[in-house]
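Presented below is the structure to which this report refers.
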Amino acid sequence: MSHLQSPFTGVKSVLVVLSSRAMAFDQAGLRNFITHSYPGSAVFFISVSGDSVGVSGPSKVDLVIDFTEPHARQSIWFAPSLRRRGRFVVGRTTGWFFRKSRYDRVYDQASDSQAPRDYLESEAWAQKRVLELAGVQVVRHGGVTQDLGKDIAATLTPFQNR
């Protein structure tokens, strides 16, 4: 699979289940990443309780991206209902055994030895891995560069009197 080819074809609608503890990306950022990977797709968001966040989505979608974190409080039937709702489903293991067998792709954070130990960093790490499994390209950003604020001002030409 090349980095420009998505693992799922014909995706025109995407449902994203937002994590209840922490999100590495805001909704606009997620929508941007997803629509760049799946051009022309409509993106909808729901909470881990199943409530719509913003515009409610259709009952059937092409792709479900589930960011539900381990041990989240939700119905035992939530994951099977996501499976019925989406043609393709990608998510995380949450302690329930049936996600691995029902989801098309699953990220298992417990078996990932490279995952950071810090809680917020590990959430961001896991969410990036889930997006990558869904075929959504996450743009990596570089580190902080040197502050040139004072140097730039010194190199500008002075204002001339009018």
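In table form, for the structure just shown:
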{"item": "Pairs with Cβ under 8 Å, 6+ apart, first in region 32-44 and assigned to a strand (DSSP E or B), second modelled with pLDDT under 90", "result": "Ala42/Gly57; Phe44/Ser52; Phe44/Gly54; Phe44/Val55; Phe44/Ser56; Phe44/Gly57; Phe44/Pro58"}
{"item": "Residue within region 71-90 that is at pLDDT 90 or above and touching a helix residue (DSSP H, G or I) at 6+ places or on another chain (Cβ under 8 Å) present", "result": "yes"}
{"item": "Pick from region 108-162, criterion of a type in the set (A, V, I, L, M, F, W, C), in a helix (DSSP H, G or I) and modelled with pLDDT under 85, ranking: nearest to the chain's Cα centre (by Cα)", "result": "Ala110"}
{"item": "Residues of region 19-48 satisfying the condition of being modelled with pLDDT under 90 and within 17 Å of Val89 (Cα to Cα)", "result": "Ser19, Ser47, Val48"}
{"item": "Top-ranked residue in region 55-91 [being among the β-branched types (Val, Ile, Thr) and buried (at least 23 other Cβ atoms within 10 Å of the Cβ); ranked as farthest from Ser6 (Cα to Cα)]", "result": "Thr68"}
{"item": "Residue tally, condition touching a residue at least 24 places away in the same chain (Cβ under 8 Å) and either farther than 17 Å from Arg84 by Cβ or in contact with a Gly (Cβ under 7 Å, 6 or more places away or on another chain) (or both), over region 50-64", "result": "6"}
{"item": "Count of residues meeting criterion [surrounded by fewer than 16 Cβ atoms within 10 Å (Cβ to Cβ) and in contact with a Ser or Thr (Cβ under 8 Å, 6 or more places away or on another chain)] in region 116-138", "result": "2"}
{"item": "Boolean, Arg99 is modelled with pLDDT under 85, crowded, with 20+ Cβ neighbours inside 10 Å and of a type outside the set (A, V, I, L, M)", "result": "yes"}
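The values are calculated or read from the model by the stated rules, or taken from the named source; none is laboratory data. What you are looking at is a predicted structure, and each value in this text was computed from that prediction instead of being measured. Positions of Cβ are generated from backbone atoms using ideal geometry, with glycine treated the same way; all protein chains shown enter the neighbour counts.
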